[in-house]
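To keep things clear, I will list the structure first and then write my remarks on it.
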Amino acid sequence: MTSAMDDRLAADFYDFQAALPDEERTILLRTRTFLRDEVKPLVDDAWAEGRFPEELIDRFRESGLVGLPYPDHGEHRTPVSHLLTGMMAMEMSRVDASVATFFGVHNGLAMYAIHSGGDQEQRDRWLPRMARMETIGAFALTEPLGGSDVAAGMRTTARREGDTWILNGAKRWIGNATFADHVVVFARDVDDDQVKGFVVGRGTPGFAPEKIAHKTALRIVENADITLTDVRVPETDRLRHVESFRDVAEILRATRAGVAWQALGVMIGAYESALAYAGEREQFGRPLAGFQLVQDLLVKSLGNITASWGMLLQLARLQDAGVFKDEHSSLAKAFVTARMREVVAWAREIFGGNGIVLDYDVARFFADAEAIYSFEGTREMNTLIVGKAVTGQSAFV
Ligand SMILES: Cc1cc2nc3c(=O)[nH]c(=O)nc-3n(C[C@H](O)[C@H](O)[C@H](O)COP(=O)(O)OP(=O)(O)OC[C@H]3O[C@@H](n4cnc5c(N)ncnc54)[C@H](O)[C@@H]3O)c2cc1C
């Protein structure tokens, strides 16, 4: 199966898009058009102002592109492949990484936590409205004092009193939490010392999210510091199948793959803008694209994009085949985000001084790459996960 050349991104040098079946390619192209027409016009001002544009939610709601991985609960009733959802994340980041992150927190982290951690009644209760983006989700794992070591170092506590749980502690960096309707909060049960998951509704007394200001990356995403003071959650809102951190790791395994796809999208967006600029801007009487050293940067970028895309294509196949392990997604997240960091730096270099002003997309990609490099497990943490898998030795401490 081959895709029509005029459908293909210039960065899709090996025609990876052709790996999608026709009906999924149609959804991908619809996503691309939606992002170009409905999302791109919103992002430049919002990024500069550090503001989440609320109309983004309305536009996504009308797009029919939310909830695709949850065919039992969404409007799209046909199961879709991991390759399609990965390539959709790539398309979003290719336009704007904040938009991809907002979407990934809702449609990935929060919905998947409820899907895999909840029982049938809980899925039926929360997921249908989330799949229509009538309600928004967030995922609160990281803490001010517990980042990379949050598995062992989680300080937020849950204490059971009859049919109610009392949560106390603090969370940091939680995307969408300033306006989310449902925040999945992880806390350590003081009785058995295991991590459990709770769905906390907006406005619950004692639950206080505060927007983190002055970010220099992903400025459109609202990240929050949350304090939890005697937050009361009914037992019915505890996720039934989250019994320890092992269940949280299973969620992260899937969402980390999505972040690797986001990193690919950032690379592609930066490469496309550099390629266009190199064709237009002239120095020494010819376009920048005509200099060997500039071609070297472009071709190295295309090599990183193509190697990463090939890796993610096979990762998606492992996911679809159900033989996907933590170390598979960790290797992809560590490798692809490192390649992304190289590509955004080379792309920015091609713009010279113009590479640091927001009038050109490359400055936004360059800044946003830093957050993607660090979240959902830093390169070091993902390296240690793979290192343990290949050597049999744990080197975390
Ligand atoms: C924009 C953004 C959005 C985010 N969104 C969310 C969200 O929605 N929900 C959520 O729960 N979290 C979220 N996070 C948190 C994110 O997952 C953490 O920032 C990340 O896991 C790293 O934790 P940390 O920032 O506390 O860094 P630290 O853990 O303090 O690490 C600092 C540095 O030390 C290194 N390091 C630590 N331990 C070791 C070791 N043993 N060996 C070698 N090096 C080590 C790390 O790799 C890193 O380079 C977000 C973060 C950002 C920046």
Between a residue in the range 1-18 that is under 22 Å from G303 (Cβ atoms) and any residue that is assigned to a helix (DSSP H, G or I) and modelled with pLDDT under 95, which pairs come within a Cβ distance under 9 Å, given they are 6 or more apart or on different chains? D15/M5; Q17/D7
Can you tell me which residue is farthest from A97 (Cα to Cα) among those in the range 203-224 that are within 11 Å of the ligand (Cβ to nearest atom) and either modelled with pLDDT under 95 or outside any loop (DSSP other than H, G, I, E, B) (or both)? A224
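Would you please name the residue that is nearest to R339 (Cα to Cα), looking only at residues in the range 355-397 that are near the ligand (Cβ under 10 Å from one of its atoms) and β-branched (V, I, T)? Give the steps one after another, and end with the answer.
Keep residues of the range 355-397 that are near the ligand (Cβ under 10 Å from one of its atoms), which gives 368, 370-384, 395-397.
With the extra rule that they be β-branched (V, I, T), the set shrinks to 372, 378, 383, 397.
Details: I372: 12, T378: 14, T383: 14, V397: 27 Å.
So the residue we want is I372.
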For the range 65-109, name all the residues that are within 11 Å of the chain's Cα centre (by Cα) and aromatic (F, W, Y). F102, F103
Here is a list: A369, A307. Which entry is outside any loop (DSSP other than H, G, I, E, B) and either assigned by TED's automatic domain parsing to the domain that holds A151 or surrounded by fewer than 20 Cβ atoms within 10 Å (Cβ to Cβ) (or both)? A307
Evaluation of V200 against (1) in a helix (DSSP H, G or I); (2) within 16 Å of the ligand (Cβ to nearest atom); (3) farther than 18 Å from S374 by Cβ (one fails), failing number: (1)
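Which one of these is in contact with a helix residue (DSSP H, G or I) (Cβ under 9 Å, 6 or more places away or on another chain), more than 19 Å from M381 (Cα to Cα) and charged (D, E, K, R): E327, E282? Steps first, answer last, please.
Values: E327 fails: more than 19 Å from M381 (Cα to Cα).
One residue alone meets the criteria, E282.
Please determine, by comparing only the residues of the range 179-194 that are over 21 Å from the mean Cα position of the chain (by Cα) and surrounded by fewer than 23 Cβ atoms within 10 Å (Cβ to Cβ), which one is nearest to the ligand (Cβ to nearest atom). It would help to see each step written out before you state the result.
In the first step, residues of the range 179-194 are kept if they are over 21 Å from the mean Cα position of the chain (by Cα); the result is 187-194.
So of that shortlist, the ones also surrounded by fewer than 23 Cβ atoms within 10 Å (Cβ to Cβ) come out as 188-194.
Working: R188: 15, D189: 18, V190: 21, D191: 24, D192: 22, D193: 20, Q194: 18 Å.
Top of the filtered list is R188.
Only one of these is over 18 Å from A113 (Cβ atoms), among the hydroxyl-bearing types (S, T, Y) and touching a residue at least 12 places away in the same chain (Cβ under 8 Å): T178, T142, T135. Name it. Let's see the steps before the verdict.
On the way: T142 fails: over 18 Å from A113 (Cβ atoms); T135 fails: over 18 Å from A113 (Cβ atoms).
Testing whether each residue is over 18 Å from A113 (Cβ atoms), among the hydroxyl-bearing types (S, T, Y) and touching a residue at least 12 places away in the same chain (Cβ under 8 Å) leaves just T178.
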Condition (residue is out of contact with any Phe, Trp or Tyr (no Cβ under 6 Å at 6 or more places or on another chain), in contact (Cβ under 8 Å) with a residue 40 or more places away in the chain and farther than 21 Å from R8 by Cα) applied to the range 299-310: is it met by at least one residue? no
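The values are calculated or read from the model by the stated rules, or taken from the named source; none is laboratory data. Fair warning: this is a prediction, and the values are worked out from it, not measured in the lab. Neighbour counts run over all protein chains shown; Cβ positions are idealised from the backbone, glycine included.
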